[in-house]
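A.B. asks: I'd like to ask some things about the structure below.
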Amino acid sequence: MPWTQIACQYDGSYSGFLSCVFDCYVNREEPVEFHTPEDMCCSLYPLRTVETDETHARRVYLSFGKFGAEGRRLAVRTFLTCLPDKELWLWRYLCLAYEQGPGVGRNLTNPTVDRVRKAVWHLEHEAHQYKGFTRFSELDGVLVGEIEPKNRVLPLLRDHFCGRYPQERFALHDRTHGEALFHRPGPNGWAILPVEDFSPNPAGAEEIAYRKLWRAFYDTIAIEGRYNPKCRMTNMPKRYWAMMTEFQKDWDTALPELRTR
Amino acid sequence: MELLDKLNILADAAKYDAACTSSGLDRSGQAGAVGSTMLAGCCHSFSADGRCVTLLKVLQTNVCIYDCQYCVNRRSNDVPRAAFTPEELCELTIGFYRRNYIEGLFLSSAVIQNPDYTTELMIRTLRILREKHRFGGYVHAKAIPGADPLLTRRLGLLADRMSINIELPSSPSLALLAPDKKKEAILTPMGQIRDGIVQSKRELAVYRHAPRFAPAGQSTQMIVGATPESDRHILTLTQALYDRYQLKRVFYSAYMPVSPLVPVAEDYKPPLLREHRLYQADWLLRYYHFRAEEILDEDQPDLDPRLDPKCCWALRHLEFFPVEVNRADYETLLRVPGLGVRSARRILRARRVGPLNFEGLKRLGVVLKRAQYFLTCSGRMMTGLRISEDGLLRHLVSLEAPALAAPMPEQLSLFDSAV
Ligand code: SF4
């Protein structure tokens with residue numbers, strides 16, 4: 001007997017999504033739409049509201065161990081991507097993965113695997129670029145940075161920046177998703193938290209001096225006879241530039257670019 | 001002198017060195033320290049010439065006792081001179097690193113007073129950086145030819161990567177343009193660094209806390225276009241350097257006419273396209289199991305500017321093709337134009353699930369633009385594909401043509417197309 005088709009409403013969190021997966025398997029229902037409280041609208045399908053349940057979420061999460069390393073990575077990371085209807089794709093992927101086990105990671109020509117794999121690649125690629133292109137400013141003894149990623153890259157950047165700056169207090173704000181990674185020295189001194197309003201104080205003299213030094217270095221090392229703006233653009237697309245110190249217009253703002261909202 | 005002025009002078013003097021990478025070493029951060037390194041390296045920016053910026057690339061000083069003709073820092077050149085104190089340079093490095101501008105420091109130097117004195121100055125800088133600031137980021141240090149081996153060793157214990165530039169691809173050229181430098185003065189420390197790396201690896205295998213000597217390996221650079229060597233000569237030398245000195249990388253740098261003493265034609269343009277082809281050929285040596293003799297021979301001593309070297313090889317060896325995607329081994333797949341290391345690995349992984357067709361290849365992210373002419377899937381060529389042998393050459397050239405037809409033919413990206 002085919003599973004009943006339903007629309008799932010959940011709180012938008014990863015645990016919430018995993019709770020949906022749990023409930024759907026238990027009730028033998030197939031989600032064909034996912035809604036979060038923000039995008040609530042009418043649906044043709046019966047609406048099932050799923051309460052986030054950490055125990056259920058955990059059981060589903062642990063079951064990903066059966067997918068092999070590659071299969072598991074996709075199951076965990078797809079949710080962070082900006083793939084449209086990522087929940088549906090992830091649901092389809094999980095069904096496939098439960099069926100195929102560790103082989104799923106190798107099934108590169110399957111359309112679903114292909115879709116989530118490309119989305120995850122995009123996420124990881126963006127995270128990698130931000131490892132380099134993120135800029136911090138020292139403001140009142142705290143390193144503060146801001147990014148505007150398409151995907152939710154903060155969980156992927158966490159290890160990197162915490163490992164790089166174990167002795168620093170820092171805050172990295174993701175403007176797109178309204179959350180920030182905070183860190184202070186010490187074991188487990190990090191958290192990723194939602195942020196409503198992010199408005200740090202203006203830069204001090206030392207910070208401005210470093211910005212000028214960096215700009216001087218950046219401008220100097222380009223070799224004139226090799227000028228190649230197209231190559232620069234391919235390697236470092238324009239969308240990153242706004243928040244990078246080397247392209248900053250006003251020296252004394254808190255961060256390279258603070259948009260007035 | 002202001003720090004800003006020093007930075008302007010000493011970055012300007014260092015910028016012609018092509019070797020800007022921060023790769024080859026994975027070191028995680030430690031409590032109480034600053035910094036980590038990534039195996040793949042990390043670009044922090046790209047300059048207006050399209051090159052990756054990853055390290056603070058500066059000279060300790062540009063004051064030089066030598067007079068190498070191709071170099072901006074030569075004694076006889078009238079340019080402003082400056083020197084960083086070790087403390088200044090450390091502050092600058094840490095300040096940049098904390099703001100995530102850079103992955104580390106690339107420290108080179110002109111020869112002030114004598115090679116030993118210069119090396120000692122660099123050692124002082126790196127010691128302060130590593131010991132006082134506990135800096136765990138990437139450090140690339142340039143060995144100074146002619147320095148005491150013991151000093152070079154101490155430098156290597158503080159650095160992650162070391163390099164010593166070959167500069168010019170043959171002894172006569174070196175004698176002509178760098179009369180103060182002898183081939184031996186370059187090759188001896190190169191051999192010493194190689195031995196230091198090998199020994200350090202051996203010790204580390206036994207004892208985890210053994211001192212690490214240049215754990216990210218050794219590289220070198222040569223200038224292309226200032227002297228008449230052929231590409232074949234350069235590639236053969238490159239191969240010998242990889243074989244004999246176990247270098248991680250050889251960099252090529254198109255000669256920039258910085259000196260009136262190196263005679264170049266009136267309309268000389270830096271050979272950027274040639275440099276690009278050399279890098280492609282270099283990839284074939286390092287990752288595609290090619291030998292220099294296969295890529296170029298006496299009849300064909302120079303790389304074809306119109307086509308990448310792998311395509312050229314394929315056109316000369318049509319008997320090798322077509323290659324069957326579902327059966328060919330890794331090495332064979334690597335020889336197919338347009339298939340990179342990653343594509344080849346993906347093919348191996350995916351075909352274990354079931355036979356691949358051209359649709360499937362596309363889904364794997366294999367770019368078929370070039371590869372389609374050289375592949376079969378389960379015995380079948382791509383449908384609708386019929387092309388004669390000399391049509392093939394024209395066709396492959398035309399694939400690169402947009403780049404070649406651009407107003408400045410040399411303006412190609414170094415890092416595009418998987419060779
Ligand atoms: S020794 Fe080095 S810095 Fe001095 S002139 Fe020769 S190449 Fe230039």
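A.B. asks: Taking the condition farther than 30 Å from residue A:229 by Cβ and away from chain A (no Cβ under 11 Å), does residue B:30 pass?
C.D. replies: no
A.B. asks: If you don't mind, another one. Suppose we filter region A:222-252 for residues that are farther than 21 Å from residue A:129 by Cα, of a type in the set (A, V, I, L, M, F, W, C) and facing chain B (nearest Cβ under 9 Å); how many remain? Break it down into steps so the answer makes sense when it comes.
C.D. replies: First pass over region A:222-252, keeping only residues farther than 21 Å from residue A:129 by Cα: A:223-227, A:249-252.
Okay, now just the ones that are also of a type in the set (A, V, I, L, M, F, W, C), so A:223, A:251.
Pick out the ones that are also facing chain B (nearest Cβ under 9 Å) and you get A:223.
Total satisfying the criteria: 1.
A.B. asks: It is to be established whether one or more residues within region B:213-222 are under 22 Å from the mean Cα position of the chain (by Cα), open to solvent by less than 20 Å² (accessible area, probe 1.4 Å), at positive phi and at pLDDT 85 or above. So that I can check it myself, show each step before the final result.
C.D. replies: Keep residues of region B:213-222 that are under 22 Å from the mean Cα position of the chain (by Cα), which gives B:213-222.
Narrowing further to those that are open to solvent by less than 20 Å² (accessible area, probe 1.4 Å): B:213-214, B:216-222.
After this cut, where a residue has to be at positive phi as well, the list is B:214, B:217.
Next, only the ones that are at pLDDT 85 or above stay: B:214, B:217.
Checking region B:213-222: at least one residue is under 22 Å from the mean Cα position of the chain (by Cα), open to solvent by less than 20 Å² (accessible area, probe 1.4 Å), at positive phi and at pLDDT 85 or above.
A.B. asks: Then there is this: Can you pull out the residues in region B:34-51 that are facing another protein chain (nearest Cβ under 7 Å) and at negative phi?
C.D. replies: Quick first cut of region B:34-51, residues facing another protein chain (nearest Cβ under 7 Å) only: B:34-36, B:42-50.
Answer for region B:34-51, where residues must be facing another protein chain (nearest Cβ under 7 Å) and at negative phi: B:34, B:36, B:42, B:43, B:44, B:45, B:46, B:47, B:48, B:49.
A.B. asks: Quick one: in region B:80-90, which of the residues that are farther than 21 Å from residue B:16 by Cα and open to solvent by less than 40 Å² (accessible area, probe 1.4 Å) is farthest from the ligand (Cβ to nearest atom)? Working first, answer last.
C.D. replies: From region B:80-90, those farther than 21 Å from residue B:16 by Cα are B:85-88, B:90; that's our starting set.
Of the ones still in play, those that are also open to solvent by less than 40 Å² (accessible area, probe 1.4 Å) are B:86, B:90.
On the way: B:86: 19, B:90: 22 Å.
The residue in question is B:90.
A.B. asks: Related question: So which of A:99, A:70 is within 14 Å of another protein chain (Cβ to nearest Cβ), part of a helix (DSSP H, G or I), under 22 Å from residue B:360 (Cα atoms) and open to solvent by 80 Å² or more (accessible area, probe 1.4 Å)? Quick ask: steps written out before the conclusion?
C.D. replies: Values: A:70 fails: open to solvent by 80 Å² or more (accessible area, probe 1.4 Å).
One residue alone meets the criteria, A:99.
A.B. asks: All but one of (1) open to solvent by less than 10 Å² (accessible area, probe 1.4 Å); (2) within 12 Å of chain A (Cβ to nearest Cβ); (3) within 16 Å of the ligand (Cβ to nearest atom) hold for residue B:102; which doesn't?
C.D. replies: Unmet condition: (3).
A.B. asks: Hey, does region A:146-160 have a residue that's closer than 30 Å to residue B:253 by Cα and surrounded by fewer than 22 Cβ atoms within 10 Å (Cβ to Cβ)? Steps first, answer last, please.
C.D. replies: In the first step, residues of region A:146-160 are kept if they are closer than 30 Å to residue B:253 by Cα; the result is none.
Within region A:146-160, not a single residue is closer than 30 Å to residue B:253 by Cα and surrounded by fewer than 22 Cβ atoms within 10 Å (Cβ to Cβ).
A.B. asks: Shifting gears a bit: What tally of residues in region B:139-160 results from selecting those that are part of a helix (DSSP H, G or I) and open to solvent by less than 30 Å² (accessible area, probe 1.4 Å)? First the steps, then the outcome.
C.D. replies: The first filter runs over region B:139-160 and keeps only residues part of a helix (DSSP H, G or I), leaving B:149-158.
Of the ones still in play, those that are also open to solvent by less than 30 Å² (accessible area, probe 1.4 Å) are B:151-152, B:155-156, B:158.
Qualifying residue count, region B:139-160: 5.
A.B. asks: Here's another thing I want to ask about it. Please determine, by comparing only the residues of region B:345-376 that are open to solvent by less than 30 Å² (accessible area, probe 1.4 Å) and in a loop (DSSP other than H, G, I, E, B), which one is nearest to the other protein chains (Cβ to nearest Cβ).
C.D. replies: That would be B:364.
A.B. asks: Which residues, counting only those in region B:40-69, are within 16 Å of the ligand (Cβ to nearest atom), among the hydrophobic types (A, V, I, L, M, F, W, C) and in a loop (DSSP other than H, G, I, E, B)? Spell out the reasoning first.
C.D. replies: As a first pass, look at region B:40-69 and keep what is within 16 Å of the ligand (Cβ to nearest atom): B:57-69.
Remaining after also requiring among the hydrophobic types (A, V, I, L, M, F, W, C): B:58-59, B:63-65, B:68.
Matches in region B:40-69: B:63, B:64, B:65, B:68.
A.B. asks: Free of Cβ contacts under 8 Å to residues at least 24 places away in the same chain and either open to solvent by less than 40 Å² (accessible area, probe 1.4 Å) or hydrophobic (A, V, I, L, M, F, W, C) (or both): which single residue out of A:170, A:136, A:182 fits that description?
C.D. replies: Working: A:170 fails: free of Cβ contacts under 8 Å to residues at least 24 places away in the same chain; A:136 fails: free of Cβ contacts under 8 Å to residues at least 24 places away in the same chain.
So the residue among A:170, A:136, A:182 that is free of Cβ contacts under 8 Å to residues at least 24 places away in the same chain and either open to solvent by less than 40 Å² (accessible area, probe 1.4 Å) or hydrophobic (A, V, I, L, M, F, W, C) (or both) is A:182.
A.B. asks: Quick check on my filter: what residues within region A:11-36 are open to solvent by less than 10 Å² (accessible area, probe 1.4 Å) and more than 19 Å from the chain's Cα centre (by Cα)? Even if it seems obvious, please write down each step before you answer.
C.D. replies: Narrowing region A:11-36 to residues open to solvent by less than 10 Å² (accessible area, probe 1.4 Å): A:16-21, A:24, A:31.
Residues satisfying the conditions are A:19, A:20, A:21, A:24, A:31.
A.B. asks: So if I check each of B:37, B:93, B:118, which one is within 13 Å of the ligand (Cβ to nearest atom) and open to solvent by less than 10 Å² (accessible area, probe 1.4 Å)? If you could, list the steps in order and put the result at the bottom.
C.D. replies: Working: B:37 fails: within 13 Å of the ligand (Cβ to nearest atom); B:93 fails: within 13 Å of the ligand (Cβ to nearest atom).
Being within 13 Å of the ligand (Cβ to nearest atom) and open to solvent by less than 10 Å² (accessible area, probe 1.4 Å) holds for just one of B:37, B:93, B:118, which is B:118.
A.B. asks: Within 15 Å of the chain's Cα centre (by Cα), among the hydrophobic types (A, V, I, L, M, F, W, C) and either more than 30 Å from residue B:3 (Cα to Cα) or within 12 Å of chain B (Cβ to nearest Cβ) (or both): is that true of residue A:123 in this structure?
C.D. replies: Numbers: within 15 Å of the chain's Cα centre (by Cα): yes; among the hydrophobic types (A, V, I, L, M, F, W, C): yes; either more than 30 Å from residue B:3 (Cα to Cα) or within 12 Å of chain B (Cβ to nearest Cβ) (or both): yes.
Yes: the conditions hold for residue A:123.
A.B. asks: Here is a follow-up. Within region B:1-34, can you find the residues that are more than 16 Å from the ligand (Cβ to nearest atom), assigned to a loop (DSSP other than H, G, I, E, B) and over 15 Å from residue B:54 (Cα atoms)? Working first, answer last.
C.D. replies: Taking region B:1-34 as the starting set, the residues that turn out to be more than 16 Å from the ligand (Cβ to nearest atom) are B:1-8, B:20-34.
Checking the rest, the ones that are also assigned to a loop (DSSP other than H, G, I, E, B) come to B:1-2, B:20-26, B:28-33.
B:1, B:2, B:26, B:28, B:29, B:30, B:31, B:32, B:33 - these are the residues of region B:1-34 that are more than 16 Å from the ligand (Cβ to nearest atom), assigned to a loop (DSSP other than H, G, I, E, B) and over 15 Å from residue B:54 (Cα atoms).
A.B. asks: Next question, about the same structure. Answer yes if at least one residue in region B:123-137 is in the same structural domain as residue B:195 (by TED's automatic domain parsing), within 16 Å of the ligand (Cβ to nearest atom) and surrounded by 24 or more Cβ atoms within 10 Å (Cβ to Cβ), and no otherwise. Talk me through it step by step, then tell me what you get.
C.D. replies: To start, the set of residues in region B:123-137 that are in the same structural domain as residue B:195 (by TED's automatic domain parsing) comprises B:123-137.
Still in the list and also within 16 Å of the ligand (Cβ to nearest atom): none.
Among the residues of region B:123-137, not one is in the same structural domain as residue B:195 (by TED's automatic domain parsing), within 16 Å of the ligand (Cβ to nearest atom) and surrounded by 24 or more Cβ atoms within 10 Å (Cβ to Cβ), which makes the answer no.
A.B. asks: For the condition open to solvent by 50 Å² or more (accessible area, probe 1.4 Å) and of a type in the set (Ser, Thr, Tyr), what is the one hit in B:287, B:252?
C.D. replies: Numbers: B:252 fails: open to solvent by 50 Å² or more (accessible area, probe 1.4 Å).
Of B:287, B:252, the one residue that is open to solvent by 50 Å² or more (accessible area, probe 1.4 Å) and of a type in the set (Ser, Thr, Tyr) is B:287.
A.B. asks: Failed condition for residue B:77, given (1) more than 24 Å from residue B:152 (Cα to Cα); (2) more than 11 Å from the ligand (Cβ to nearest atom), with all others met?
C.D. replies: (2)
The values are calculated or read from the model by the stated rules, or taken from the named source; none is laboratory data. Since we're looking at a predicted model, the values are computed, not measured. As a convention, Cβ positions derive from the backbone with ideal geometry for all residues, glycine included, and neighbour counts pool all protein chains shown. The protein model used for the area step is the full one, side chains on, heavy atoms only, and it has no ligands, DNA or RNA in it. Shrake-Rupley method; radii C 1.70, N 1.55, O 1.52, S 1.80 Å.
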